[in-house]
1. Quick one: in the stretch 160-187, which of the residues that are in contact with a helix residue (DSSP H, G or I) (Cβ under 6 Å, 6 or more places away or on another chain) and of a type in the set (S, T, N, Q) is farthest from Gly258 (Cα to Cα)?
2. Hey, can you tell me all the residues within the stretch 1-49 that are assigned to a loop (DSSP other than H, G, I, E, B) and open to solvent by 20 Å² or more (accessible area, probe 1.4 Å)?
3. Report yes if Arg155 is open to solvent by 10 Å² or more (accessible area, probe 1.4 Å), of a type in the set (D, E, K, R), under 30 Å from Gly22 (Cβ atoms) and in a helix (DSSP H, G or I), otherwise no.
4. Run down Arg152, Arg110 and say which single residue is closer than 22 Å to Ile73 by Cα and either aliphatic (A, V, I, L, M) or over 16 Å from the mean Cα position of the chain (by Cα) (or both).
5. Among the candidates Arg217, Arg241, single out the residue that is of a type in the set (Lys, Arg), open to solvent by 60 Å² or more (accessible area, probe 1.4 Å), in a strand (DSSP E or B) and within 26 Å of Glu183 (Cβ to Cβ).
6. Hey, does the stretch 97-107 have a residue that's in contact with a Lys or Arg (Cβ under 6 Å, 6 or more places away or on another chain) and open to solvent by 60 Å² or more (accessible area, probe 1.4 Å)?
7. Just one of Arg127, Arg62, Arg40 is more than 26 Å from Phe265 (Cβ to Cβ) and either more than 20 Å from the chain's Cα centre (by Cα) or not acidic (Asp, Glu) (or both); which is it?
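The values are calculated or read from the model by the stated rules, or taken from the named source; none is laboratory data. Here the structure is a predicted model, which is why all the values come from computation and not from measurement. Every residue, glycine as well, gets a Cβ built from its backbone with ideal geometry; the counts of neighbours run over all protein chains shown. SASA here: full protein model, heavy atoms, side chains in, ligands and nucleic acids out. Shrake-Rupley method; radii C 1.70, N 1.55, O 1.52, S 1.80 Å.
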Amino acid sequence: MSAPLILCIGEAMVELSQAGGGLWRMGIAGDTLNMAWYLRRCLGPDWRVGYFSRVGTGEYSRQMLDFLAAEGIGTDHVARDPEREIGLYAISLSDGERSFSYWRDNSAARRLADDPGRLDAALAGCRIACLSGITLAILPEAGRRALLEALRAARTAGTQVVFDPNLRPRLWADAAEMRGWIEAAASCTDLLLPSLDDEIAHFGDADARATAARYLRLGAGRVVVKNGGGPVLLADAQGSRLVEGLPRVAPVDSTAAGDSFNAAFLAAGLRGADPVTAIRAAHDFSLQVVSHPGALVREAAFRIPPCG
């Protein structure tokens, strides 16, 4: 019997990051791909990690597929598009905080949910499905509906759905559209991983408890509210707990802070850690990631700290 599959769904792009001296470094990244990459690093051979997306047939798409394969991330569910290519983004940094410039309007990943049969087949074979608000944002309305319908069906059949709202207003037509689709996705989610500053800015939440309560009312099974290095709130139907005393660092590069936290939290739970221990492990892991430049940091070492 093969190891169970975690399937990350979304868009991977060519990433350009500053390398100093006026030079740029090229890589492959994207929020759900970052999560897949860190899951692969945090989990042993008892789990498979795969990627569900759509790419082109050109050189950069080939490089992306080669990169995924070399990193141990399955590409069986990455479709090829003869008309489109993968997108590109560039990262600019100021005091460790990032800003992005994107070239993705004609990205092949915008069609990733165009084949419902392929989507259903991929989800039928996975234990855990992970997506983000960016995954939804890049799709046309029909694609969003198809993806959420497939996830609801998969969840009913036993697949655990993990969702990071990852709010990016520039990718949406307007704020109302963004909020509506994020809440629709939350309604079919087992584990939801929002960031407090985003939720305050775009949903008007007063604090982390308000964020968690809103998502629990919508149907999310468990909510972990990230807080930019501050206390993290864990909430589910049984109650809530604030995990405090988390160390902080000045980031060298905050790219993939949330993606690495998500991966490490999920991985720690799969390796037997209780949720509070998993939060501490995820925080420690993300601190290592933001202490290095770039989205994918090979120097970061995952560990589960002793309970208590």
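1. Going through the qualifying residues, I end up with Ser187.
2. Met1, Ser2, Ala3, Pro4, Gly21, Gly22, Gly44, Pro45, Asp46, Trp47
3. Spelling it out, it is not the case that Arg155 is open to solvent by 10 Å² or more (accessible area, probe 1.4 Å), of a type in the set (D, E, K, R), under 30 Å from Gly22 (Cβ atoms) and in a helix (DSSP H, G or I).
4. Arg110
5. That would be Arg241, the only listed residue that is of a type in the set (Lys, Arg), open to solvent by 60 Å² or more (accessible area, probe 1.4 Å), in a strand (DSSP E or B) and within 26 Å of Glu183 (Cβ to Cβ).
6. The answer is yes; a qualifying residue exists.
7. On inspection, the qualifying residue turns out to be Arg62.
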